[in-house]
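Peer 1: Take this structure, written in structure tokens, and hold onto it; I'll ask about it next.
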Amino acid sequence: MRKKRIGALALASLAALPTLLFTAGCSGEAEIVLRVFNWEEYIDLGGEDSYEYDYEVNEDGSAPPIIEDFEEWYEETYGTPIRVEYSTFGTNEDMYNQLQLGDTYDLLCPSEYMIMKLAAEDYLQPYEESFFDPEIEENYYIRNVSPYIRNMFESNRINKKDADDTSTWSDYAAGYMWGVTGFIYNTSYVQLDDLTDLGWDIMRAPQYKNKVTTKDNVRDSYFVALAICYRDEIEALDRSDPEYGVKLAEIMNRTDDETIKKVEEIMLEMDENIYGYETDTGKADIVNGNIWLNFAWSGDAVYAMDLAEEEDGISLNFFIPEECANLWFDGWVMPKGANTQAAQAFVNFLSRPDNAVRNMYYIGYSGVIAGDPNDEEYGSMVLDYVKDCYAVDPEEAEDPVEYDLSYFFGDESAVFYAEREQAEYRQLHAHYPTEEVTKRCAVMDYYGEEANESINELWSRIKSETLDTWAIVVICVGIVLAVAAVLLIRFGGKIDFFRLPPKKGYRLVRQQNMK
Amino acid sequence: MKLHFSRKLLGIPYAVFLLFFVIIPMLVILFYAFTDKEMHLSFGNFIQFFSDPTKLSTIVYSLVIAFITTAVCLVIAYPVAYILARSKMKKKFVILLLFVTPMWINFVLRINAIRELLGWIGLLGEANYFNTIFGMVYDFLPFMILPLYTTMLKIDESLYEASSDLGAGGFTTFTRITLPLSMPGIASGITMVFLPSMTNYVVSDMLGNSKVTIIGKFIYEYFGTNWHMGSMVALILLIVVFLSTWLTGGFREDETVRGANL
């Protein structure tokens, strides 16, 4: 008996041995853990959909996820093993809730207004100075980021609510993806003239009743309504004025009571006219013809147009309204207490042009990385990729136009010929809008706590049907009466008050006595 | 101390589950509902809820949608369950199976299919409230049929024989025997359809193009921006649900009622 027990013990310890060894091995080399929190489907996950480039591929020909490549690269470069804990969120608000619940991360990828909110609430850790030193070989971000994006990040204050805080976006955020908003439209049903005449107001146009959708989120719908509301004022601005952008941004970020009141009326009319609000059904609905116009982010528009090209008999174009569009971006920020060294290395790795192209190809949005003319190995990869996709030979193409992206790439060679269709209405127009288009775009700031609340209340008034007070009272009284009736039927017999008086010659027996 | 094994110990895992996933979350909701942003005790959410016609309207709309859904489900399910339970058909389980199989298919897939169907007919985007109720009826019908079927199956055949011996016609037999004896099934069917149709906003979002706002969506949206108000709405919904369960007799511990629940 005793022997058996010893045997069992020995067996158990033997089984535990590998585990012990394993943990000992790990602690010896001090593996770093990098916790990254990103949007769903917002990074190259490898497999067969990955961009085919001359990097190592698996035996079956599929590519490894970019995160694995990062882990390898990090260990090679810095000599420490790293493990990325990658998790995803669906909306900025979900991400914010996770943070509030006390989850800790090293790197987050929220949208511009959420970055501003996090900065205002003092959640964020600024980037280290060494991150901006172009001399350091691994600093791919600062060398390759587009001058257009860089200028935007350096010239905008991150915390507009606090006058003393002069820090800019670039102190706290490194860009990842960017784009504009507009309409995807079905060319068989929608007249281009209507779009140019009406702009965002096509949302209220009776000829497109039930054929247009907007996003099921308050900020995008509010922006559209603002653009409709102040269209005259925007068009009266002088486009050549150097202050044009500032003035436009002021208009498109108004949240005063009077504006909210006007916007509410417009949004109610939109609500009457539109087909519905969507978060991801819009692309399918426009491809199968349920709707003709779909409010879309540029990356989604590229995806929908690609999808439509595979289907027969449907042709989709992208339109960015003349008066104004929303310029948005998502960027990497580090919460307080993050492992800044590893987080910055991750950002730099994703900013290396070959990786930037991989991500862009995989998720379909436009990255903020342009390239570095001094870098022979990677420098021109992004531009080459764009040219690969869109550039045509002006001799052979039918109706070529010159397309100038030098503002974005900071490079005179970023001018190429493209088909007129592509340049004016299609993928190229959505993917990399021209400087002229970006100039009429405005960034939507974080509204601030108070304005946010009133806009959310406005949204719930738009989304719900509000009954008149008398109707509510009538229905409530009705419900109370119904409840009372049910109670009476169920318990009435047990309560003496409701029982009929006894017939002559009988006497009332109390409920308790009956049992 | 020697530990005696008793059968009560088997209940511990479930008690722990109840504590962590039912009781504590409820207390958290209660806490959030009656505090403000600075975590001070406050009745502000409560007052705001009952003084805002939008929020009250949403509750009323959800109640109406849930009520219609339940009524339609009952009207469809009752005859089906009755026929199935009373028929002498040999293969009636096949028919029952046909009604229940949709429950085995993924919910989102089913709703997407209905969406395509409605789009094809041309109702999508035209009749949002109708579509929502249609989707809910389709989705929750099995939850009404099954409890009705099981209660009706249990009605003793000899009662029907006695009824016809005593000269009762079909209608009298129905009102005096079938209906009263199937009441527990009706009650549990109603609870199982009414409650989810107040909160299942996936149906209203997909089929009503997000233009129909029911109370579940409301709670979801508030939890993106203001947890305190969200908790208050959730608490009020809980009370409504509690009341309606109590009224339909869901808490009675009769043998028959328990048998009728799935």
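Peer 1: Could you identify which residue out of B:Asp165, B:Asp139, B:Asp52 has the top mean-square fluctuation in a GNM of chain B using Cα springs shorter than 10 Å?
Peer 2: So, out of B:Asp165, B:Asp139, B:Asp52, the one fluctuating most is B:Asp165.
Peer 1: Averaged over its residues, how many other protein chain Cβ atoms are within 10 Å of peptide B:46-59's Cβ atoms?
Peer 2: Shielding by partners across B:46-59 averages 4.
Peer 1: Given a cut-off of under 8 Å on Cα pairs at least six residues apart, what relative contact order in percent is computed for chain B?
Peer 2: Value for chain B: 28 percent.
Peer 1: Using each residue's phi in the stretch B:7-22, evaluate 6.51 cos²θ - 1.76 cosθ + 1.60 at θ = phi - 60° and report the 3J(HN,Hα) Karplus result to the nearest Hz, with x for Gly and Pro.
Peer 2: These are the phi-based 3J(HN,Hα) values: 5, 4, 4, 5, x, 4, x, 5, 5, 5, 4, 4, 4, 7, 10, 10 Hz.
Peer 1: Hey, which lysines would be in cross-link range of A:Lys503, C-alpha to C-alpha under 28 Å, not counting anything within fewer than 8 residues on its own chain?
Peer 2: A:Lys494, A:Lys515
Peer 1: So for chain B, if I pair up every lysine 8 or more residues apart or on another chain, how many of those pairs have alpha-carbons under 16 Å apart?
Peer 2: Close lysine pairs found across chain B: 4.
Peer 1: Amide H neighbours of A:Leu467 under 5 Å, at least 5 residues apart or on other chains, H built in the peptide plane: list them.
Peer 2: B:Ser57
Peer 1: Going by how many other Cβ atoms sit within 10 Å of their own, how do A:His431, B:His4, B:His228, B:His40 line up, fewest first?
Peer 2: Arranged by neighbour count, lowest to highest, A:His431, B:His4, B:His228, B:His40 become B:His4, B:His40, B:His228, A:His431.
Peer 1: Okay, moving on. Just tell me, in residue order, which DSSP H segments of chain A are both 27 angstrom or longer along the helix axis (alpha-carbon based) and at least -1.0 in mean Kyte-Doolittle hydropathy.
Peer 2: Once both thresholds are applied, what remains is A:2-29, A:469-491.
Peer 1: Then there is this: Once you average over the residues of A:393-401, how many Cβ atoms of partner chains fall within 10 Å of each Cβ?
Peer 2: That average works out to 0.
Peer 1: Given a 10 angstrom Cα cut-off, can you work out which residue in B:Ala168, B:Ala33, B:Ala71 is the most mobile in a GNM of chain B?
Peer 2: Greatest mean-square fluctuation among the candidates belongs to B:Ala168.
Peer 1: What chymotrypsin sites (Phe, Trp or Tyr not before Pro) does the stretch B:1-42 have in DSSP loop regions with at most 14 other beta carbons within 10 Å?
Peer 2: B:Phe5
Peer 1: Using only the Cα atoms of the stretch A:135-284, build the gyration tensor, take square roots of its eigenvalues as a ≥ b ≥ c, and label the shape rounded, prolate or oblate: rounded if a/c is under 1.5, else prolate if a/b is larger than b/c, else oblate.
Peer 2: Prolate shape, in that a/c is at least 1.5 and a/b is the bigger ratio.
Peer 1: Among A:418-428, A:98-108, how do they line up from the highest to the lowest mean number of other beta-carbon atoms within 10 Å?
Peer 2: The peptides rank, most packed first, as A:418-428, A:98-108.
Peer 1: Same structure again: Any idea how far the Cα center of the stretch A:89-161 sits from the one of the stretch B:55-127, in Å?
Peer 2: For the stretch A:89-161 versus the stretch B:55-127, the Cα centre distance is 48 Å.
Peer 1: While we're here: Just need the relative contact order of chain A here, percent rounded to a whole number, with Cα pairs under 8 Å and 6+ apart.
Peer 2: Dividing the mean separation by the residue count of chain A yields 20 percent.
Peer 1: By a straight-distance test (C-alpha under 21 Å), which lysines pair with A:Lys247 as possible cross-link partners, with residues fewer than eight away in the same chain excluded?
Peer 2: Candidates past the 8-residue exclusion: A:Lys160, A:Lys161, A:Lys262, A:Lys439.
Peer 1: Using a Gaussian network model of chain B whose springs link C-alpha atoms within less than 10 Å, name the residue from B:Pro180, B:Pro13, B:Pro79 with the highest mean-square fluctuation.
Peer 2: Top of the fluctuation ranking is B:Pro13.
Peer 1: While we're on this one: If you take every residue apart from A:Gln100 with its C-beta less than 15 Å away from the C-beta of A:Gln100, what net charge results, scoring Lys and Arg +1 and Asp and Glu -1?
Peer 2: Charge balance in the 15 Å sphere: -4.
Peer 1: For chain B, which longest stretch is free of loop sites, where a loop site is one of the trypsin sites (Lys or Arg not before Pro) that DSSP puts outside H, G, I, E and B and that has at most 16 other Cβ atoms within 10 Å?
Peer 2: The reported range is B:155-251.
Peer 1: Still on this structure, I have one more. Would you please put B:72-78, A:360-366, A:162-168 in order of how densely packed they are, using the mean number of other Cβ atoms within 10 angstrom per residue and starting with the highest?
Peer 2: Averaged packing, sorted descending, gives the order A:360-366, B:72-78, A:162-168.
Peer 1: Which of the GluC sites (Glu not before Pro) across the stretch A:223-292 are loop residues per DSSP, with 15 or fewer other Cβ within 10 Å?
Peer 2: A:Glu243
Peer 1: Sticking with the crude label model, points 7 Å out along Cα→Cβ, report the distance from A:Asn97 to B:Asp165 in nm, one decimal please.
Peer 2: A separation of 6.2 nm, rounded to one decimal place.
Peer 1: While we're here: Counting other Cβ atoms within 10 Å, keep those with at most 14, restrict to DSSP loop, and tell me which chymotrypsin sites (Phe, Trp or Tyr not before Pro) in the stretch A:148-245 are left.
Peer 2: Loop-located and lightly packed - A:Tyr189.
Peer 1: Going by how many other beta carbons lie within 10 Å of each one, how would you line up A:Tyr432, A:Tyr407, A:Tyr141, fewest first?
Peer 2: A:Tyr407, A:Tyr432, A:Tyr141
Peer 1: I'd like the distance separating the alpha-carbon centroids of the stretch A:454-474 and the stretch A:225-279, in whole Å.
Peer 2: 23
Peer 1: Compute the signed sum of charges (Lys and Arg +1, Asp and Glu -1) over the other residues within less than 10 Å, Cβ to Cβ, of A:Leu316.
Peer 2: Values: positive: A:Lys283, A:Arg426; negative: A:Asp306, A:Glu309, A:Glu311.
Once positives and negatives cancel, what remains is -1.
Peer 1: Stretch A:Arg239-A:Ile314 to full length: gain in nm at 0.36 nm per residue minus the Cα-Cα span?
Peer 2: Gain on stretching A:Arg239 to A:Ile314: 23.4 nm.
Peer 1: Right, next: What average number of partner chain Cβ atoms lie no more than 10 Å from the Cβ of the residues making up A:457-463?
Peer 2: That average works out to 5.
Peer 1: Which residues' amide hydrogens lie under 5 Å from the amide hydrogen of A:Thr181, considering only partners 5 or more residues apart or on another chain, with H built in the peptide plane?
Peer 2: A:Asn326
Taken together, the values in this text are just the output of simple stated rules run on the coordinates, not laboratory data. Not measured: the values here are computed from a predicted model. Note that each Cβ is placed from the backbone with ideal geometry, even for glycine, and that neighbours are counted across all protein chains shown.
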